[in-house]
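Visitor: Just dropping this structure here.
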Amino acid sequence: MRLKILIAMLILFANFPLILSQQKKKKNQEPCSNATTQGSLNACYCERAHKADVQLNDVYQQLLKTNARDTDFIEKLKISQRAWLAFREAQLEAIFSDDTNPRVTYGSVFTMCQCIAQEELTTDRVKQLRRMLHSSEGDVCAW
């Protein structure tokens, strides 16, 4: 299993300059397409994950404020959010599980990959909370 991952990573590294040049040709550039080193890719994707966390906190605080009078909802929302945070951490551990150390298995791309996964999970949660925040009266299946 580790050998397969190592081979995949070597192929990725060998094709990385080609991938970057193709990405730059696209009209709608991918995030972090201007990063040219692994360190700058790590920094860029981790900054995106951080921004997603800030966005998550903002939407969560808006939900708390908007629903401040509904103490039952607030209590359940807090329970839900704590459970979701535990899920996110467990999910990241599952994605990057390894008998020894994922940093050894993934090498220098580990940080970038982990931040990409964290951003994706967090963005999904932001969408869920926004749906709750912007539900309209009459939408009987609104969250």
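Computed from the coordinates by the stated procedures, all read-outs in this text should not be read as laboratory data. Nothing here was measured: the structure is a model prediction, and the numbers come from that model. Quick reminder, even Gly has a Cβ in these numbers, built from the backbone with ideal geometry, and neighbours come from all protein chains shown.
Visitor: Do you know the relative contact order of segment 35-133, to the nearest whole percent, from alpha carbon pairs under 8 angstrom that are 6+ apart? Don't jump to the answer; show the numbers that get you there.
Guide: Values: 61 pairs, mean separation 54.2, N = 99.
Answer for segment 35-133 is 55 percent.
Visitor: Fewest to most neighbouring Cβ within 10 Å: what's the order for D98, D139?
Guide: Numbers: D98 15, D139 10.
Going from sparsest to densest Cβ surroundings: D139, D98.
Visitor: First select every other residue whose beta carbon is under 12 angstrom from the beta carbon of D53; then total the charges, Lys and Arg +1, Asp and Glu -1. Intermediate results must be reported in sequence, preceding the final value.
Guide: Details: positive: R48, K51, R88, R125; negative: E47, D58, E119.
In short, +1.
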